[in-house]
Amino acid sequence: MKCNVGKTDRNIRIIVGLFVIAVGVFFKSWLGLIGAIPLVTAALGWCPIYVPFGLTTYKDKTL
């Protein structure tokens, strides 16, 4: 599992995830659980949706 989520992408995922969870809590809806998806992908640094398309936002600093 290679890292394919860069720093900016990770920060956006954290903000969006927290926002969706907050909206779910505000409206007392279980749909706020969807906010966990971007938080998990940000924590792992890997997005399964990027894999089939060969996308990556990760910049390797060893080059």
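Here are a few things to note about the model shown:
- Among the residues of the stretch 9-59, those that are assigned to a loop (DSSP other than H, G, I, E, B) and basic (Lys, Arg) comprise 28, 59.
- The single condition from (1) surrounded by fewer than 13 Cβ atoms within 10 Å (Cβ to Cβ); (2) part of a helix (DSSP H, G or I) that residue 2 fails is (2).
- For the stretch 13-63, the tally of residues that are under 12 Å from residue 3 (Cβ atoms) and of a type in the set (D, E, K, R) stands at 3.
- Filtered residues of the stretch 15-46 (kept if loosely packed, with under 15 Cβ neighbours inside 10 Å and either closer than 22 Å to residue 60 by Cα or of a type in the set (S, T, N, Q) (or both)): 29, 40, 43, 44
None of the figures in this text is laboratory data; all of them are computed from the coordinates on show. The model shown is predicted, which means the values in this text are computed figures rather than measured ones. Every residue, glycine as well, gets a Cβ built from its backbone with ideal geometry; the counts of neighbours run over all protein chains shown.
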